[in-house]
Structure formats: structure tokens, C-alpha cells
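The values are calculated or read from the model by the stated rules, or taken from the named source; none is laboratory data. Bear in mind that the values here come from a model prediction, so they are computed numbers and not experimental data. Ideal geometry is used to build each Cβ from the backbone, glycine not excepted, and the neighbour counts take in all protein chains shown. We work out accessible area using only protein heavy atoms, side chains counted, and drop any ligands, DNA or RNA first. Shrake-Rupley method; radii C 1.70, N 1.55, O 1.52, S 1.80 Å.
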Amino acid sequence: MSVAVDSPTGNIASSTTNVVLTKANVKAVGEDVKISSIVVNCTDSTTSKTIKNLKVMWNGSQVGSAVATSAACDGAADNSFTLGSTVVARVGETNTLSINADITGTTSANETLSANFETGVANAQGLVSLNSINTSAVTGRTLTIAAGTLSVVKNSSFGDKAVGNPTGVVNATNIKIGSFTIIGGAGEDADVSQITLVDESTTYYASKYFQNIKLMHGTTQLGATVTSPATGSTTAQTHTFNVSPVVTIAAGSQYVVDVYADVKDQTQTVATDIVKFNSVTASGKLTGTSANYSTAKSLQNVYIAAAGSLTVSVNSDTALATNLLMGAVDQSLGKFDFVATASEPLNLTQLVISANVSSAATGTLKNVRLYDETGVMVGTAVAGFDTTSATTTYAHAVFSGLNFVVPAGVTKTLTVKADVTSYNDGGYTTTGQAVQVAILPHYTGTSSPITGTGAQSGVALSSSTITYTANGGSSPWTTVSGTNSTQVTAVAGQVRANEMVLYRAKLAIAWASDAPSGASSPSASQTVAKFVVTNQANAGAYVASVRYVNFGISTTISNSAGVSRILNVYKDSLSTSAIDTTTFTGGASIATNIGGTDFNIDGANWNVSVASGASRTFYVTLDTTDAASTKSLSINIPNQGTALGGATDTAKGFVWSDGVTTTIMASDNVLPLAYKTFTY
């Protein structure tokens, strides 16, 4: 005899009947064997305990008479069974001998129990040899007597609510106000038939704040909705939910129950729960005994706000300050974030985008549009910035009839795009106009730029529920005289994107794809730079011109005494005449003189024309005869306003003209160009 693989282990439910305590495998070897009697004992962690209806089962059927009440479960007291003549183990077969009992004696939950077969004394006989045989002892596995009683805890995955993360807003519907977890008892499954909640107090009670209270497990409703809770103003009320059909809680499992309700027109700003878990009524699925739990549990704090609120700010990925080409379409002017508090979603129906403009800039933008973060256009395009409602500083584009939803606790982003009026269509006589889009706290008089309501509260947004995160924005380089000073004045409290400056042509500068660098040999005319200037195709086919370019040089080369070294700049080809030259005096470091002499280039007029849609290539050569072994030289085109070498002033890296404005420094944020380094 040996313990069967499937002999019970773990928990057994208290009060259950006919429970298998131990199962043994019985095999006969050499001849069939008849077992006529067996002795059983039991062991309990409290040795004086007993169990009921102790019996022995042969292959699932009872053999012998049951013992109504066992001897003390002390591991020694005997319970003897006479099995008769039917218990025969056949050679080649595996039979089972089991010990069953009712856990209805004096045992208690949380005790351990095992049942054992003792060593037999001539209690079996070989049917061929007729020899007496002693059956072997089998020690049963230790089992834990467990109650099926349920327990309940506050659901830790649903937190307390507060001002920054409220439960909801007044008049909100189907809002989760609490959550708890029912934990199955270890002994057996339990069938739940009723759950009750109770008011927190006569100050904070369900009927004051809620109606249509219901219990949910996922998408399954438990019991009927309590539509009108009894008033708890004088006595805390109990709210009963009869669960039909019953819900089975598996032994040891967790079952989450959420409490939902509609909110009345009543705020709640004190940190407290409104309803508590009160009780659960259940019965053991096997035993039918009570598995009830009736210890009240506080649930999550409830915070009910009057309405949701909105914060408006500039998105960190808003378009950089730059120059825009007149006549260009689909230009990004700014990107704004809209964040609703966690209270409720917000429905925006109108948004006013304002444009801060310099003199003569009004009318430079048209076909103004809004796009969300997925690239979908929001609302319809507005023809332009309307000067009829403009202040002396701003013009406005009013987007009405919107259906723009900002979900609770979520950031939504809108990008403002527009087409730029061409120089010819605008009838302009100047270029370099500045424009900067913004969202203002009041776009005219006391009018709010944002119109909308809370999706649940129905409360309209107002100056008290909209926060404008002020941002002055930055401005691009404009002209040599204007440097990069903002042309449009910043005002506190305004949410402003970056400033854009408009020109009728637009030049870009970049290193040529085959610009030289790396290991080099000294040369009287070494090519140390090659760059390309491109005139982006424009609506009027306007020619632009390169006025001049400065270079930044860092080197360890020193000129020989008494010998001057020359830097030359060429356009289109090295076979042409130099368009500019600078000389570095003998006996000094090249780097020291660069900038100190301001290159003798800054201020020169190259006036190299670049047709619309075309490019021009420029070459720079330098006499590097004095470059001894291990010396190095690096060259770049610097950012605007960079001090070069020993210069006391700042150089202009790239200066050009669109044919109207003659000293433009705008470079689309591409400067400085990275250094090209030569080693010798």
C-alpha cells in the first residue's frame, strides 16, 4: 500500500461531509490478496478533536460500518474496521482504499488534520498460499481545515479622490464613487445573494450627493439600481442590493465590486467617503453554511467639483522662430496644448486665434486652419485674421461651430496653419513684416477666446476656469540693423507662439555634399570650404542675392614671419576671379586675426544673384603653406552675432537680400554650419 498521487492536499472546508482525507493505492504481488480488516487513526493539531462518520472506501464504495464519532485525533487512538470478504486485491490491478469523514465533529477552522492507515497484523491473506499478510502503514497528507467565510477589503487599485483628481463634477452621470474586493474563503466556494452599503454619517450620506446607485463587477450589474436612496440626514441609511442569480466567489479568489452613481447638483470638497461597505450575505457552495461577512469598511474619499477647468499653453514642439516665404502655403505658425482637469471632458465650440503683427503685416496670412495631433482639420478654415475686431496690436481669426472635445485629464494639441499672401497679391512695397500667433485671455474687450462647456456638468467655461500659461515666444534673426529683437511687443499673460518674419524670397545655406575635410597637405591655395546657397522657388519668381558670408576658423597654424597668407572666395567655380579676399599678416596666428580684422569681408557687397528655384555654389581657398605636421584647421559658417577670434564686435554669418530688404540675416535656424576639420 502507498499514498496515491491524487490523495488530497491543501485545504478542506469545515462542516463538509464525506470528505476524502486519504487515498492509498493497493497492489497485490504474486497472488491475489484478501484484506479482512484495517485500522485507521487521525491526527489533529489540537489532539482532543474528533471527526464524524469515519469510514473506509474500496474503489469508491463503502466497506464495513462507519464510525459515528472517531477516537481522538491524536495520531494513536484506533478506529477499527471489519471489511468482510469483498476486499480482494487482484494481481496486476491497482485498487484504491480511502478514508472519508464528515468535518462536523469538534474540529475548527485553521486546524490541521490527517488520516492514516496503521500497519496491519495478519489482517490479510494470500488466496493461493493462504498465508497471513500484514498490510503496510500509509500516512495521509496534512490538510488544513478552512472556513468558507468571505472577507472584504477596500480596493487599493482605485484611490482616494481630491481636488487635483476629483470623483467627478455636479450633474455627472455614471461616475465611479467607490470600489471594494470580496475575497473568497479558503475552504470552499461561496454563493453571494446580497450586498449592502451604508451611509458614512448623517453629515455625509448618499441621498445628499447621489442618485441611481448601482453595483458593478466589470460590465455585470449586481442587483437592481437604487434610484432614490433613503435620506440619511437624521439616520445613516443602509442601501441593499439583492443579487439574483447568485454570484459564486471561488475559494481564495478576489472579486472586485465597483460602486457607480449619478451626481446631484451638490459639490463635495471634504476628504471623506460618502458610503461604506456594510455586509455581504453568502453561503458555502458545498456545505450550505453561512459565509457572511459584516464588518463595515470605509471606501474611497469622494471629491465633487463644481465644473472642469482648462489650461492653455504653447506646445514644446511649436514651430521655431524663422522667416516665411511670401506666397508659401500650409505654413505652421504655432502649436498649442489644451489640458482638461480630471474632473470631466470639455466641449469647445469656439476658439479665437490672434495674430500680433508689425506695421504693414495685417493681411499677410490667409486660409487659417486648425489641425489636431493626428493631422485632422478641426472646424473649417477662416479666410484670414479679421481686422474689424482687432485691437491696435492684434487681428483675430474666429473659429466657430467647433466640436473639439478635450477628454478629462488628457492633453489635446492644435496646430495653427495658414497660407502666406504673395508679395504681388498683397500689393506690398516692403518685406520683413513680423507676425506672431497667440491665444489671449481676452481677444477684444472682455471677450474670452474660448467658448465651451463641461461635458457632464454643463457649466460654461469662464475666466475663472481657464488658465493661460503665459509665453512670450522667441524671434528670428531679421536684418543687420534689427538683429533679432522682437518686432512685436510681448504682453504678460498671453500664450504666444514664436515670431515669424516674411520675405518675398528665401535663401538657404548648406555645405555642399562634397565639401572637403580630413587629412590634408599644405597648399598655397587649398580649398577649405564649399557651400551652396539655394533660393526656394517663390510665387513671383523673385531673384535673391547673397550679400556676404563670414567664416569662423580655429587653427593651430601660425604664419611665417614676414609672409602674408590669403583667403579667397569664389562663386560657381575656382576658375573664376575671387569675389572677396582677406589677408592674414605674417608671424601671427590665423585664428587671432580672424574677426580682429572682421575678415575684410563683413560689409563687402558680393551681390551674387540667385534665381528663384536655383542654387549657387561658393568655394573658399586658403594659403596653408605654413601648416606643419600635426597642425590642424577647422572652418564653419557661424551663427548670426557670433564673435570670431579676437573680434570685439560680432560677425554676421550670412547676409542676403530678397530684392526689397537688403540686409537680411534670417537663416531658418540652420546656422551655425558644423565645422569642417583638416589635419596635416
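Observations on the model:
- Test result for R90, among the basic types (K, R) and more than 25 Å from V19 (Cα to Cα): yes
- Under the condition of being over 16 Å from S114 (Cα atoms) and either of a type outside the set (A, V, I, L, M) or touching a Cys at 6+ places or on another chain (Cβ under 7 Å) (or both), the residues counted in the range 49-97 number 19.
- Matching option when the condition is open to solvent by 30 Å² or more (accessible area, probe 1.4 Å) and over 15 Å from T46 (Cβ atoms), among T69, T112: T69
- Some residue of the range 89-96 being surrounded by fewer than 17 Cβ atoms within 10 Å (Cβ to Cβ) and of a type in the set (D, E, K, R): yes
- Whichever residue in the range 132-162 is open to solvent by less than 20 Å² (accessible area, probe 1.4 Å) and in contact with an Asp or Glu (Cβ under 7 Å, 6 or more places away or on another chain) and, among such residues, is nearest to S207 (Cα to Cα): G148
- The range 621-675, subset modelled with pLDDT of 90 or more, within 24 Å of S513 (Cβ to Cβ) and open to solvent by 50 Å² or more (accessible area, probe 1.4 Å), residue farthest from the chain's Cα centre (by Cα): Y675
- Those strands (runs of 3 or more DSSP E) of the range 373-430 in which 2 or more residues are polar (S, T, N, Q) and touching a helix residue (DSSP H, G or I) at 6+ places or on another chain (Cβ under 8 Å) are absent.
- So Q194, is it open to solvent by less than 10 Å² (accessible area, probe 1.4 Å) and of a type in the set (S, T, N, Q): no
- Restricting the range 163-191 to residues that are assigned to a loop (DSSP other than H, G, I, E, B) and open to solvent by 40 Å² or more (accessible area, probe 1.4 Å) leaves a set whose member that is modelled with the lowest pLDDT is G164.
- The one condition in (1) modelled with pLDDT under 80; (2) among the polar types (S, T, N, Q); (3) open to solvent by less than 50 Å² (accessible area, probe 1.4 Å) that T585 fails to fulfil: (3)
- Figure legend. Inter-residue proximity from the range 554-566: first residues more than 19 Å from T630 (Cα to Cα), second residues at pLDDT 85 or above and of a type in the set (D, E, K, R), beta-carbon distance below 8 Å, spacing 6+ or different chains. Indicated pairs: V563/D626; R565/D623; R565/D626; I566/D623.
- Qualifying residue in the range 368-379 (condition: open to solvent by less than 40 Å² (accessible area, probe 1.4 Å) and at pLDDT below 95): no
- Of the residues making up the range 72-87, those that are in contact (Cβ under 8 Å) with a residue 40 or more places away in the chain and surrounded by fewer than 17 Cβ atoms within 10 Å (Cβ to Cβ) are G75, D78, S80, T82, G84, S85.
- Scan the range 97-109 for residues that are in a loop (DSSP other than H, G, I, E, B) and either open to solvent by 10 Å² or more (accessible area, probe 1.4 Å) or at pLDDT 95 or above (or both) and the total you get is 6.
- Among the conditions (1) touching a residue at least 12 places away in the same chain (Cβ under 8 Å); (2) at positive phi, G288 misses just one, which is (1).
- Among the residues listed as I566, I557, the single one being at pLDDT 80 or above and open to solvent by 50 Å² or more (accessible area, probe 1.4 Å): I566
- Complete set of residues in the range 504-525 that are open to solvent by 20 Å² or more (accessible area, probe 1.4 Å) and either in a strand (DSSP E or B) or closer than 15 Å to D668 by Cβ (or both): K506, A508, A510, W511, G518, A519
- Top-ranked residue in the range 416-430 [being open to solvent by less than 20 Å² (accessible area, probe 1.4 Å) and among the hydroxyl-bearing types (S, T, Y); ranked as farthest from A355 (Cα to Cα)]: S422
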